[in-house]
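For reference, the structure discussed in these notes is given below.
Values in this text are rule-based calculations from the coordinates and carry no lab data. Computed from a predicted structure; not experimentally measured. We place every Cβ from the backbone using ideal geometry, glycine too, and count neighbours over all the protein chains shown.
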Amino acid sequence: MNASVTRPVGFLNFTLHAHLPYVVNHGTWPHGMEWLHEAAAETYLPLLRVLGRLEHDGIALNCNLNISPILLEQLAHPLFKIEFPKYIGRKIAAAREDEAYFLSTNEAHYAETARFWHAFFSEALSDFEALDRDIIKGFRTFHQKGLIEIITSGATHGYMPLLGTDESVRAQIRTAVQTHERHIGERPRGMWAPECGYRPAGLWSYPVTNTDGTPIAPAFNRIGVEQALSESDIEFFFVDTHLVEQSARTPSPYELMAGRIVPQTEEHLTHRDDRRLYQPYFVDGPYDKRHATTVFPRDPRTGIQVWSGDSGYPGDANYLDFHKKRWPGGHRYWRVTGPRVDMNDKEPYYPKEAAERVKSHASHFVHLVWQALQDGFNDGIPPVLCSPFDAELFGHWWFEGSLWLEAVARVLHDYPTGLELTTCSNYLDHYPRAGFVKMHEGSWGAEGTNHVWMNPDTSWTYTHIYPAEIYTREVCSSGIWQKPGPNQSLAERIVKQLCRELLLLESSDWQFLITTGAARDYAELRFETHNDQFNEIKAMWENFSANGSITDAEDSRLAAIEERDSIFADIDPSFWAAGAHALPQGGATISSTMQTDTSDETERSNLLSAGVS
């Protein structure tokens with residue numbers, strides 16, 4: 001590996017996508033608030049500890065961290081701040097009970113592991129209280145120090161390729177920016193497009209019909225994702241490999257986690273000509289190119305190592321097994337042991353041995369990054385490898401994952417690899433894009449298409465979503481809810497809650513959970529709940545429009561729905577008005593971002609021409 005370089009020969013970017021569907025006031029266990037508690041205890045707080053240790057040693061993780069708007073709303077919710085310490089208390093009590101049991105059966109090692117869990121959850125409670133029960137504040141502090149960059153996502157993670165109106169796409173983004181500013185204190189520069197979903201501009205027809213077989217609405221020319229992002233000053237987003245590289249599609253991360261894909265050999269991957277995956281591009285399309293939006297492609301080879309529970313790092317025999325738990329309490333005492341080992345044959349978990357294994361895997365990962373980028377080391381513009389992952393992979397699904405992130409940062413800091421960690425914004429501030437690309441529609445889901453979210457098991461959901469989107473646009477466009485009058489505040493309440501229920505209805509999580517079977521019953525129940533509530537509020541609006549008021553029973557019901565789904569306090573129904581969109585404020589422009597500190601104009605021209613599609 002190269003040493004003694006004055007400028008990095010290449011960059012590594014980690015982008016962590018922290019997101020959970022809205023679960024507050026919608027169930028506890030096994031599905032509901034328990035998901036939020038687990039993620040906070042096993043991913044978010046451990047990640048904050050990693051950032052703190054690195055900062056203490058003068059090291060920056062320099063990752064992009066997306067905290068989705070709906071997750072921000074939940075972490076700030078009073079009910080979460082009350083219930084999370086109770087959850088931790090139950091985990092601590094369970095660890096004590098486990099320890100007593102294992103001591104009584106002379107199983108000393110399991111008793112020691114129970115003490116490990118006692119200490120782990122005690123530290124989580126201590127950290128939570130030290131943050132004044134404000135996890136967002138912890139991440140915001142590291143963002144303000146420049147040690148990470150917090151970006152955003154769709155407001156409720158609506159899958160943009162399948163949303164039925166341009167206004168709904170724009171409202172997901174504009175509400176996200178508004179919410180991000182309220183919680184983080186500044187506008188986001190980047191966005192995690194939900195499910196890495198992308199759609200270009202062009203003629204589009206609704207893929208389903210009404211329940212009676214009639215068309216939802218006529219086909220129309222819709223905007224591309226890049227235009228909606230550009231209008232809100234979002235400078236960059238991420239797509240899966242196959243949208244930039246038009247060869248055989250690489251496996252979905254979720255396919256790798258499930259062990260359904262056999263990765264290509266390292267030799268084959270090493271010799272592929274995919275320098276184009278290691279540079280950002282402006283996205284082409286019929287929109288104002290003075291405010292062009294940038295895309296970073298996902299790297300496939302390093303992703304296999306981190307996502308795959310079969311052949312990747314999380315499948316190592318020494319790491320904590322995710323599935324086998326001891327009840328009551330739910331603590332885990334067993335290690336992976338081996339591929340496809342039966343639950344009854346899992347062997348005891350040794351936390352110290354697992355923590356040591358992390359170091360060799362971190363070194364191996366850095367070596368893979370170096371191999372992937374080495375062909376571009378002599379380029380005038382250094383390559384950047386983007387590794388996007390679900391944040392919950394680190395700590396929750398792969399318990400040692402947060403320690404692995406820390407170890408990678410330390411390897412890159414301590415050894416002369418010539419590589420550096422970087423945020424996407426920092427890279428774009430110093431280096432130009434490699435021209436323009438035109439991309440087809442797709443995602444990082446199975447098949448690289450919309451299949452996970454639109455299939456025979458989920459298409460029924462869109463027969464409700466599309467009419468709701470069109471109705472919301474009509475209501476918000478009418479302006480009646482804004483007209484002065486004795487009941488104007490009531491009109492605003494009704495329409496704002498209509499928009500909230502639409503956003504919750506649009507969450508891509510419901511289709512994902514149905515398709516994967518991970519929590520199908522819960523997802524179907526949640527979708528039907530928000531659909532029912534949307535229709536209740538729709539009826540209230542019809543009554544108000546006709547009579548200028550609603551019944552006492554309706555008013556009471558509206559208050560109950562508002563309390564249950566109290567998200568996005570500053571929601572703005574004008575975002576859904578026909579044709580409504582934000583105007584770019586003048587962020588990065590093509591002229592400013594085509595500058596570079598290299599004098600090698602030939603190299604720059606080659607990169608630009610190579611990127612044009």
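For the chain, the relative contact order works out to 21 percent when only alpha carbon pairs closer than 8 Å and six or more residues apart are counted. A simple rule links phi to the HN-Hα coupling: the Karplus curve 6.51 cos²θ - 1.76 cosθ + 1.60 with θ = phi - 60°, which for the range 181-193 gives 4, 5, 8, 9, x, 7, 6, x, 8, x, 9, 8, 5 Hz, with x for Gly and Pro.
Between the range 1-77 and the range 141-183, the C-alpha centres lie 16 angstrom from each other. Once amide H atoms are placed 1.01 Å from N in the peptide plane, what residues at a sequence separation of 5 or more from residue 395, or on another chain, have their amide H within under 5 Å of its amide H? The list, which skips near neighbours in sequence, is 400, 401, 402. Using equal-weight Cα scatterers in the Debye expression, the normalised intensity of the range 459-576 in log10 at q = 0.10 Å⁻¹ is -0.31.
If the chain linking residue 367 and residue 355 were pulled fully straight, counting 0.36 nm for each residue of separation and taking away their Cα-Cα distance, it would gain 2.4 nm. Length gained on full extension, residue 477 to residue 463, computed as 0.36 nm times the residue gap minus the Cα-Cα distance: 2.8 nm. Evaluated over the Cα positions of the range 37-184, the convex hull gives a direction-averaged projected area, one quarter of its surface, of 11.3 nm².
In terms of the mean number of neighbouring beta-carbon atoms within 10 Å, the peptides 304-317, 191-204 order highest first as 191-204, 304-317. Its DSSP H runs of at least 4 residues, each contributing -39,500 (n - 2.57), put the calculated 222 nm mean residue ellipticity of the chain at -14500 deg cm²/dmol, to the nearest 500. Relative protection proxy for 361-372, 14-25, from highest mean packing down: 14-25, 361-372 (other beta-carbon atoms within 10 angstrom). Of the residues 322, 11, 336, the one whose Cα sits farthest toward the positive end of the charge dipole of the chain, with +1 on the Cβ of Lys and Arg and -1 on the Cβ of Asp and Glu, is 11. The 3J(HN,Hα) values that the Karplus relation (6.51, -1.76, 1.60; θ = phi - 60°) gives for the range 216-225 are, in residue order, 4, 5, x, 4, 8, 7, 9, 7, x, 4 Hz. Gly and Pro appear as x. Assign one of three labels to the range 104-164, namely rounded, prolate or oblate, based on the Cα gyration tensor with a ≥ b ≥ c the square roots of its eigenvalues; rounded applies when a/c is under 1.5, prolate when it is not and a/b is larger than b/c, and oblate otherwise. Oblate, since a/c reaches 1.5 and b/c is not below a/b.
Share of pairwise Cα-Cα distances greater than 49 Å in the chain is 12 percent (whole percent). When peptides 406-414, 108-116, 33-41 are ranked by their average number of other Cβ atoms within 10 Å per residue, the highest-first order is 33-41, 406-414, 108-116.
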